[in-house]
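Written below as structure tokens is the structure these notes are about.
The values are calculated or read from the model by the stated rules, or taken from the named source; none is laboratory data. The structure displayed is predicted, hence computed values, not measured ones. Virtual Cβ from ideal backbone geometry, glycine too; neighbours counted across all protein chains shown.
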Amino acid sequence: MVDVLIDFFKDYGYWGMGILSFLSGSVIPVASEFLLILFLGMGLNAMWLIIVATVGNTIGGISCFMLGYLTNKNTVQRVFRIPDNRMKRADILIQKYGFWAASLSFVPFIGEALIVALGVMRVNKYKVTAVMALGKFLRYAFIVASYYGVISIL
């Protein structure tokens, strides 16, 4: 039975990595890092796992951005009772530098909230996507490098 599961994951592991990474990048709390390490241990190609995980997680992040984009600043300002002067100042700063916050999108819970906020504030979607993808790629590459570092020590 175990051999059947291992063969299944080896054959369809990249799809599973992509789907789980997508869910992890969206508002659903899933630990795609655990599956990445599991697949590395099973012998799947590290570079392909990094690429698939990055793409899936980035698409999940885009879904968070679009969730924020579906609302508007006025609604957020009214619901959270943010004064006009603070909202204007925040808008200026976020429009100028906010897309860099997308590099932290991989941080659990905080990352999704940041991406939703960037969507609400209508930050440039191309910049957000590029920086978000870079941050996610670096995180997965770090996990893979750490895995192989630990394995080489053992």
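Results, tabulated for the structure shown:
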| item | result |
| --- | --- |
| Where a residue in segment 132-153 is more than 26 Å from Gly98 (Cβ to Cβ) and its partner, wherever it lies, is assigned to a helix (DSSP H, G or I) and β-branched (Val, Ile, Thr), with Cβ under 8 Å and at least six apart | Ile143/Ile37; Val144/Ile50; Tyr147/Ile37 |
| Subset of segment 31-43 (residues that are crowded, with 18+ Cβ neighbours inside 10 Å, of a type in the set (A, V, I, L, M) and modelled with pLDDT under 90) | Leu35 |
| Flag if Val2 is at pLDDT below 90, more than 16 Å from the chain's Cα centre (by Cα), of a type in the set (A, V, I, L, M) and at negative phi | yes |
| Subset of segment 90-108 [part of a helix (DSSP H, G or I) and touching a helix residue (DSSP H, G or I) at 6+ places or on another chain (Cβ under 8 Å)] | Asp91, Ile94, Gly98, Phe99, Trp100, Ala101, Ala102, Ser103, Leu104 |
| Given (1) surrounded by fewer than 16 Cβ atoms within 10 Å (Cβ to Cβ); (2) within 25 Å of Ser24 (Cβ to Cβ); (3) not polar (S, T, N, Q), index of the condition Ile50 fails | (1) |
| Pick from segment 109-148, criterion outside any helix (DSSP H, G or I) and touching a helix residue (DSSP H, G or I) at 6+ places or on another chain (Cβ under 9 Å), ranking: farthest from Ala90 (Cα to Cα) | Asn124 |
